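The values are calculated or read from the model by the stated rules, or taken from the named source; none is laboratory data. Predicted model, so just to flag it, every value in this text is computed and none were measured. Methodologically, a virtual Cβ is constructed for each residue, glycine included, from the backbone with ideal geometry; neighbour enumeration extends over all protein chains shown. Heavy atoms of the whole protein, side chains included, go into the accessibility calculation; ligands, DNA and RNA do not. Shrake-Rupley method; radii C 1.70, N 1.55, O 1.52, S 1.80 Å.
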Amino acid sequence: MRTFFPSESCKETHLKSINPQSWLQVERGKLAKFSSESASSIDSLIKVPEPPILPFFKPVDYVQVLAKIHEELESCSPQERSNLYLLQFQVFKGLGEVKLMRRSLRSAWSKASTVYEKLVFGAWLKYEKQDEELISDLLSSCGKCAKEFGAIDIASEMPAYKKLSPHGVITTNEDSCPRTVSFRVADEKIACDRQKIASLSAPFHTMLNGCFTESFCEEIDLSENNISPVAMRVINEFSSTGLLNEVSPDLLLEILVFANKFCCESLKDACDRKLASLISCRQDALELLECALEENSPVLAASCLQVFLRELPDSLKDSQVVELLSNTTRQQRSIMIGPASFSLYCLLSEVSMNLDPRSDESVHFLRTLVDSAETSQQKMVAYHRLGCVKFLRKELDEAEQLFEAAFNLGHTYSVIGLARLGQIRGHKRWAYEKLCSVISSSIPLGWMYQESSLYCEGEKRWDDLEKATELDPTLTYPYMYRAASLMRKQNAQAALSEINRILGFKLALECLELRFCFYLTLEDYQLAICDIQAILTLCPDYRVFEGRVAALQLRTLLREHVENWTEADCWLQLYDRWSSVDDIGSLSVIYQMLESDAAKGVLYFRQSLLLLRLNCPDAAMRSLQLARQHSSSEHECLVYEGWILYDTGHCEEGLQKAEESISIKRSFEAFFLKAYALADSSLDASCSSTVITLLEDALRCPSDRLRKGQALNNLGSVYVDCGKLDAAADCYINALKIRHTRAHQGLARVHFLRNDKVAAYDEMTKLIEKAKNNASAYEKRSEYCDRDRTKADLEMVTRLDPLRVYPYRYRAAVLMDNHKDKEAIEELSRAIAFKADLHLLHLRAAFHEHIGDVMGALRDCRAALSVDPKHQEMLELHSRVNSQEP
């Protein structure tokens, strides 16, 4: 979202054009020393933009909001469920929880009570999974249907018109009326059965059987009613058969208009459904939707809409589609999407903002979203989102009104928009006081202090940023500001140390870019190219220096100033970085190797493994797909297909691909995949022997040391689970001989199981000394020492990676054991404030129950069940606490 909502400081006009080459005209290998000239160079390179205003729903107490949603879901009507799950989606989106967001969307889809909701949420899930067409194809190749969010047969989902007997219609004696009536249309007469035509609608019944002259006429002129003779014949046939057979779309439209005019509901319904069945492409939908809205044809309107939604985001690049969808009245929206207008325009505005948040289309969709909002929370979402777009477009007065409306409704986060507007208008002091007022009157959060830091200087600014990091260590701006400030003071070591703090647990592109700028300033081009190659691995189209220079261009220029590595050099470098658990460095080496003639499938596969370790699942999947695309043989391709299926939750199909690969050729990767998937999918202890055999088969096949070390490590783990400690130790020792550093952890476990905690502690110390990323090693070592050293190790874990939850839980448990109830709950609360974690919420709920705070326990139970609705222990605790509710 950083590229969508840049701050004002990113968008300065008349900026001096950037010439990357001018920074690189130095002798290769030259190391710069700070001088008076380098200070200006630093300022030109190192700019930290203000943090963006995120267009998300961000309640101050998200736990309370999630708990309230869960409580309402327990008792609401079926018609309310989808909207509640959509609100839950908005909360998780504000927290950056992608998996939980998708699960909420899936729940909204599965609990939909109308075809309209099923249509919107099915299209939304399809849009979220737009890069997963390959997975559907792979599942199909395994004999499994994957068209989960396929097109809906809307006509079958909507109730057909039920003919009712006319009430209150004045009639004469039908026997006295002529049996046949002829309708004159132009120069033709169409003979019809009077009573069958009369049965089409109350107006026809009154005309033909009432007190009007026409009731006794044998011929009635309809020439002035915009109906053709051929259409009238079709209507006559329908009055007898109730069917519309082979009728052209143009004729159907003519009949639809006529049926609407004369209130022939059954005929209109038949035309509505028949036209809907004829839609085959976007152009058909474009031609028919306007008519559907004018003639109040819900089946046709929804069918047209479905075509547009299933083609997102491409359909929103069609100006005709945008024109139709962005200029609808409430009545037209009711025809097209029934009660799901807010859900629809949530989706359309999100897609439009992803394409271009400043566009007129985004504004139009968001205005409709505002108009569709009914509850206060829906209005908060809509006002804040539209305020963000108006702010980007520099339509400041409207932005202020929208942020103010959202803020007054209770969306505290919208104060950021108000403060930025105050600063732009020269009211910096007012902006600061506004933030201070919010901080003093609500739960203080990291973003509040981060924002207040923008409106003060010197030590106060530094203090606010330190507080922001203390409350929410995942915010990138405080680290970037501090690092840049230190670099400007020519304290390069401290600057690098500061930016490395966050890169140690969060691979943020903007932080990598800043570190790249530091290395560029220091003229350390080898490390600079390492970071730019890592950036390009994560985002091939990334642009640096506030979006003005392609990262790829800078990399090309940097190549002239670093030593060229041979393929052998690259492999050695990769071994070194892999062994020292330098994942970013390993990514960079692989990026460089992909330019050589080396087998690209293998390299992309290695890249995907690193990206998974770095918690970049989307980039990892892209690399896996590239591995498949560049595979050199069918058996290799099958292995990568198996991993793609396994990583997306299709374990059985992944196993199937591994077996197909083995049937073609016995290979290390095929056996490894089969062993890995089998170990993960089977709870049967007897499968351990099969996994051992498969890993032994893998080790007999040719492979490089990187992968063999992993296989030995996995084999050691299986032996440990089987109680074969000597065999496990042999595996770990052999893995260490080929520099698989993580095997220290397995060997430490063996020592521990042999009741040698000192040896286990020493083994983990070796891993800590070797590994560049070692937070997990400190955490594991904490299990092998006394309480004081455990506490020290876990404090180190929190410093290195504050997203790891075990240290908070351990410290809280110790405090609770020491009867420090308040401190224990506070320890958990400080982590829960920035991480929606089931285990943290579960433990805090148990603590609340222990001290008799039933409402606090119930709140945490409900919030935890929003994170994982099927967690058995949580369900039991919730049931127990719920029975105690006053």
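If we keep just the residues of the stretch 94-117 that are part of a helix (DSSP H, G or I) and open to solvent by 40 Å² or more (accessible area, probe 1.4 Å), which is farthest from residue 350 (Cα to Cα)? Per the stated criteria, the residue is 110.
List the helices (runs of 4 or more DSSP H) that sit entirely inside the stretch 277-346 and contain at least 3 residues that are free of Cβ contacts under 8 Å to residues at least 24 places away in the same chain and on the phi < 0 side of the Ramachandran plot. Before you say what the answer is, go through the steps one by one.
On the way: elements: 282-294, 298-310, 319-326, 330-337.
Those helices (runs of 4 or more DSSP H) span 282-294.
Kindly provide the set of residues from the stretch 638-660 that are outside any helix (DSSP H, G or I) and either touching a residue at least 24 places away in the same chain (Cβ under 8 Å) or touching a strand residue (DSSP E or B) at 6+ places or on another chain (Cβ under 7 Å) (or both), ordered by number. Explain how you work it out, then say what you get.
Start the filter on the stretch 638-660 by keeping residues that are outside any helix (DSSP H, G or I), which leaves 648-650.
Listed by number, the residues that qualify are 648, 650.
If you go through the stretch 669-687 and keep only what is modelled with pLDDT of 90 or more and either hydroxyl-bearing (Ser, Thr, Tyr) or in contact with a Pro (Cβ under 7 Å, 6 or more places away or on another chain) (or both), you end up with just 676.
What's the total number of residues in the stretch 448-464 that are in contact with a Phe, Trp or Tyr (Cβ under 7 Å, 6 or more places away or on another chain) and either surrounded by fewer than 22 Cβ atoms within 10 Å (Cβ to Cβ) or among the charged types (D, E, K, R) (or both)? Of the residues in that region, 2 qualify. Of 613, 666, 628, 700, all but one fail to be at pLDDT 95 or above, among the basic types (Lys, Arg) and under 31 Å from the mean Cα position of the chain (by Cα); the exception is 628.
Quick check on this structure: which one of 744, 819, 751, 740 is touching a Lys or Arg at 6+ places or on another chain (Cβ under 6 Å) and either farther than 26 Å from residue 844 by Cα or open to solvent by 70 Å² or more (accessible area, probe 1.4 Å) (or both)? Steps first, please.
Details: 819 fails: touching a Lys or Arg at 6+ places or on another chain (Cβ under 6 Å); 751 fails: touching a Lys or Arg at 6+ places or on another chain (Cβ under 6 Å); 740 fails: touching a Lys or Arg at 6+ places or on another chain (Cβ under 6 Å).
Criteria check complete, one pass: 744.
Every condition in (1) modelled with pLDDT under 90; (2) surrounded by fewer than 15 Cβ atoms within 10 Å (Cβ to Cβ); (3) assigned to a helix (DSSP H, G or I) is met by residue 239 except one, and the failing one is (2). With respect to residue 141, is the statement that it is more than 13 Å from the chain's Cα centre (by Cα), modelled with pLDDT under 95 and not aliphatic (A, V, I, L, M) true? Yes, satisfied. Any residue at all in the stretch 219-228 that is more than 21 Å from residue 289 (Cα to Cα), in a helix (DSSP H, G or I) and open to solvent by 70 Å² or more (accessible area, probe 1.4 Å)? Yes, the stretch 219-228 contains at least one residue that is more than 21 Å from residue 289 (Cα to Cα), in a helix (DSSP H, G or I) and open to solvent by 70 Å² or more (accessible area, probe 1.4 Å). Applying a threshold of 7 Å to beta carbon distances and a minimum spacing of six or more residues, or different chains, the list of pairs starting in the stretch 200-218 at a residue that is closer than 19 Å to residue 161 by Cβ and ending at one that is aliphatic (A, V, I, L, M) and modelled with pLDDT under 80 reads 202/169; 205/169. The set of residues in the stretch 410-428 that are under 15 Å from residue 442 (Cβ atoms) and either outside any helix (DSSP H, G or I) or open to solvent by 50 Å² or more (accessible area, probe 1.4 Å) (or both) comprises 410, 411. Counting the residues of the stretch 437-462 that are more than 16 Å from residue 51 (Cβ to Cβ) and acidic (Asp, Glu) gives 2. Scanning the stretch 119-141 for residues that are over 16 Å from residue 104 (Cα atoms) and in a loop (DSSP other than H, G, I, E, B) yields 130, 131, 132.
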